[in-house]
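Read through the structure below, which is laid out as structure tokens, and then see the notes.
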Amino acid sequence: MDLKERLIQFIEFKGISKRKFCEKINVSHTYINGLKAMGSDVMLKISDVFPELNLIWLITEKGKMLNDPVKIDPTVEAISPVAEEQEKFIRKIVQEELEKKNKRKSNNVAPAGN
């Protein structure tokens, strides 16, 4: 079974049409029909939209079609490593902007007693 056939198997498992799958990952509705190889950008989209799909299986047919479900403690917020890095980056930018703003404020404050 090749990559295209495995992808179709997953789509059928999900009970959606090829067209709907393509819409969900934001590619042309004819993408699957012409599929011979898959770029990493499309694999990332698929992984984001369908995290249950085992990409190793999709690429190599090794292992199971579905990833094992992750048991999450409901009291702990789950954050993906990518989201965590994005959050750190945003916090850094916000912190830098706050520091710049505070510096401008302190430079514009008139000396006491004038």
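Computed from the coordinates by the stated procedures, all read-outs in this text should not be read as laboratory data. Since we're looking at a predicted model, the values are computed, not measured. Reconstructed Cβ throughout: ideal geometry from the backbone, glycine too, with neighbour counts over all protein chains shown.
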Breaking point among (1) closer than 19 Å to GLY63 by Cβ; (2) assigned to a helix (DSSP H, G or I); (3) not small (Gly, Ala, Ser), for MET38:
(2)
Filtered residue count, segment 1-23, keeping only those that are over 25 Å from LYS62 (Cβ atoms) and not small (Gly, Ala, Ser):
4
Looking at segment 24-34, which of the residues that are surrounded by 13 or more Cβ atoms within 10 Å (Cβ to Cβ) and under 19 Å from the mean Cα position of the chain (by Cα) is nearest to LYS62 (Cα to Cα)?
ILE25
Cβ-Cβ distance below 6 Å, separation of 6 or more or different chains: which pairs start in segment 1-17 with a residue that is free of Cβ contacts under 8 Å to residues at least 24 places away in the same chain and end on one that is surrounded by 14 or more Cβ atoms within 10 Å (Cβ to Cβ)?
ILE11/LYS18; ILE11/PHE21
Does segment 41-59 hold any residues that are of a type in the set (A, V, I, L, M), within 17 Å of LEU3 (Cα to Cα), part of a helix (DSSP H, G or I) and touching a residue at least 24 places away in the same chain (Cβ under 8 Å), and which are they?
LEU58, ILE59
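Go through segment 35-46 and report how many residues are within 17 Å of LEU66 (Cβ to Cβ) and crowded, with 16+ Cβ neighbours inside 10 Å.
So in segment 35-46, the residues within 17 Å of LEU66 (Cβ to Cβ) come out as 43, 46.
Subset that is crowded, with 16+ Cβ neighbours inside 10 Å: 46.
Here the count works out to 1.
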